[in-house]
Structure formats: structure tokens, C-alpha cells
1. Show the residue pairs meeting these rules: Cβ distance below 8 Å; 6+ apart or different chains; first residue within region 185-214 and closer than 15 Å to Lys156 by Cβ and among the charged types (D, E, K, R); second residue part of a loop (DSSP other than H, G, I, E, B) and within 15 Å of the ligand (Cβ to nearest atom).
2. Looking at region 74-96, which of its residues are buried (at least 20 other Cβ atoms within 10 Å of the Cβ) and over 16 Å from Ile162 (Cα atoms)?
3. Would you be able to say whether some residue in region 204-222 is in a loop (DSSP other than H, G, I, E, B), over 20 Å from Glu129 (Cβ atoms), of a type in the set (Gly, Ala, Ser) and more than 15 Å from the ligand (Cβ to nearest atom)?
4. Looking at (1) of a type outside the set (S, T, N, Q); (2) closer than 19 Å to Ala80 by Cα; (3) in a helix (DSSP H, G or I), which is the one condition that is false for Trp170?
5. Hey, does region 160-168 have a residue that's touching a residue at least 12 places away in the same chain (Cβ under 8 Å) and at positive phi?
6. Checking the conditions here, which among Glu144, Glu158 is within 23 Å of Lys112 (Cβ to Cβ), assigned to a helix (DSSP H, G or I) and under 17 Å from the mean Cα position of the chain (by Cα)?
7. Across region 147-183, what is the total count of residues that are within 18 Å of Ala231 (Cβ to Cβ) and either among the hydroxyl-bearing types (Ser, Thr, Tyr) or within 16 Å of the ligand (Cβ to nearest atom) (or both)?
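Values quoted throughout were computed directly from the atomic coordinates according to the rules given, and no laboratory measurement underlies them. If you're wondering where the values come from, they're calculated on a predicted model, not measured in any experiment. Cβ: placed from backbone, ideal geometry, glycine included. Neighbour counts: every protein chain shown.
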Amino acid sequence: MRKPLIAGNWKMNKTASQAEELAGALKDKLKNENKVDIIICPPFTSLEAACKVVKGSNIGLGAQNIYWEEEGAYTGEISAPMIKEIGCQSVIIGHSERRQFFGETNETVNRKVKAALKFDLTPLVCVGERLEEKEAGRTFSVVESHIKEGLTGLKKEEILKIVVAYEPVWAIGTGKTATPQEANEVHSHIRRLLTGLYGEEVASRVRILYGGSVKPDNISGLMSETDIDGALVGGASLQADSFVGIVQGAG
Ligand code: PGA
């Protein structure tokens with residue numbers, strides 16, 4: 001049985017004081033929630049403030065990116081041990097916005113996933129096709145290269161520690177959601193790929209989240225599909241009520 005997971009990707013939103021306020025509202029409204037795992041991913045500068053609020057609660061903390069080296073002359077970068085010490089248990093890796101605007105590739109995703117695992121952080125590894133790739137009928141092959149190259153060299157026991165997020169780029173922040181059936185076809189394909197690479201026992205335990213315009217009113221349809229185990233939520237994670245609605249709809 002895979003426990004549902006809802007993760008909020010705050011992107012470049014919320015100063016430290018705003019993060020404290022939102023985290024506080026979520027902690028209060030979600031305090032009795034135990035059917036769903038919950039993670040919030042504020043920007044780096046708000047992690048500490050959010051951590052103080054959610055520490056010891058049922059809300060986990062994640063960062064949105066890391067660099068793969070542990071320390072050194074890498075101006076502007078943040079490492080896995082830095083976010084670990086500040087209280088993170090997880091980190092988003094390979095988000096399409098990083099691939100699109102910041103030169104992230106499958107190779108850098110792979111290095112970052114390994115760095116996260118080394119520090120016992122759960123990598124939330126994002127995969128997904130762009131609109132032109134979808135229109136060219138390349139969804140499965142793009143997702144396949146993201147999975148195979150992004151996870152290359154990982155051992156079975158490491159695969160059990162990751163979460164995959166399928167985020168069709170054309171559905172992110174656009175209000176266009178993949179239909180539950182459409183998303184589930186890709187999720188099932190991802191699980192088949194993982195089965196081929198690591199065996200059924202491992203593949204059946206990996207959580208695969210959907211991301212792209214998830215809202216309180218479309219989460220239950222998505223969750224009713226066989227291979228959708230939760231969601232990575234952007235815009236709707238920025239307000240307590242909509243994020244709470246999604247968490248409740250996933251349980
Ligand atoms: P969205 O973003 O929910 O605003 O579409 C999802 C994401 O980018 O993780």
C-alpha cells in the first residue's frame with residue numbers, strides 16, 4: 001500500500017515572515033490529518049522560519065533544489081548538508097522550471113539525486129514532457145530518458161527512497177490539467193519502466209505524484225487512478241485553504 005503524499009512547491013514565493021504565517025495556518029488546519037503524508041517546500045531563505053513552525057508536526061519540510069557538491073567555491077549554491085541541518089527531510093530535483101531556465105539536465109539531476117541520498121534526503125524527482133514533445137507523440141520516450149538517465153547508477157534500496165513526480169510541462173501553471181486517465185497512462189508507463197529496471201517489488205513501492213494545475217476540485221479524480229499516489233502542487237499550495245482542500249481530497 002502506498003500512502004498518499006501531497007507536496008507543496010512554493011517556488012519563488014513567500015518571504016520568511018509570510019512562510020511562517022502560511023506554515024502556521026497549515027499546521028493548525030491539518031493537525032488531525034494522518035491518512036496523507038504532507039510536505040511543504042519553501043524557498044531557501046524561508047526554510048528556517050517554516051521549520052520552526054512545523055517541527056514535530058505531521059508536516060515535512062523540503063527544499064526546491066540543491067547543488068551536488070557538499071561545499072566549496074560554488075558562489076550562490078546550496079548543498080545537501082546545508083538543507084539537512086536546517087531541518088529538511090526532502091528536496092525537489094529536476095523541476096521543469098529548472099530544466100527550462102537554469103540549464104538542468106538529466107546528468108545534473110542524477111548528480112543531485114545521488115547527493116540528496118548521501119545525506120539521507122528524499123529526492124522528489126520531476127519528469128515530464130513539454131508541449132511540443134507531447135504533440136510530436138514523444139511523451140513516453142521523454143519520460144523514459146528522464147527516468148533512466150536521471151536515476152542511473154542507483155541501487156534498488158536507493159530507489160525505494162525516492163519519489164517520482166510526473167509533471168507534464170504544458171499543465172504547469174496553465175490551468176490545463178491532464179485528465180486523470182491521461183496522467184495515469186504515463187504513471188503506469190513510469191511504473192513499468194521502474195519494474196524493468198529494478199523489479200516489481202521495488203516498483204510497486206515507489207510513489208509517483210502528479211503535478212500540473214492540481215486544485216481541490218480535481219485531486220480526487222486524479223487519486224482514484226491506480227498509479228497516481230499524490231500530487232506536487234504549485235499555485236494552489238500558496239494559500240492555506242486550497243492546499244488543505246487538496247490534502248483532504250487525497251485522503
Ligand atoms: P502548478 O505547479 O500546480 O502551479 O501547476 C506545479 C509544479 O510546478 O510543481
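1. none
2. Of everything in region 74-96, those that are buried (at least 20 other Cβ atoms within 10 Å of the Cβ) and over 16 Å from Ile162 (Cα atoms) turn out to be Ile83, Ser96.
3. yes
4. Condition not satisfied by Trp170: (2).
5. Keep residues of region 160-168 that are touching a residue at least 12 places away in the same chain (Cβ under 8 Å), which gives 160-168.
If we keep only those that are at positive phi as well, we get none.
No, region 160-168 contains no residue that is touching a residue at least 12 places away in the same chain (Cβ under 8 Å) and at positive phi.
6. Glu158
7. Qualifying residue count, region 147-183: 20.
Residue by residue, here is whether (1) of a type in the set (A, V, I, L, M, F, W, C); (2) closer than 30 Å to Ser145 by Cα holds:
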{"residue": "Leu22", "(1), (2)": "yes, no"}
{"residue": "Ile38", "(1), (2)": "yes, yes"}
{"residue": "Ser46", "(1), (2)": "no, no"}
{"residue": "Val54", "(1), (2)": "yes, no"}
{"residue": "Ser57", "(1), (2)": "no, no"}
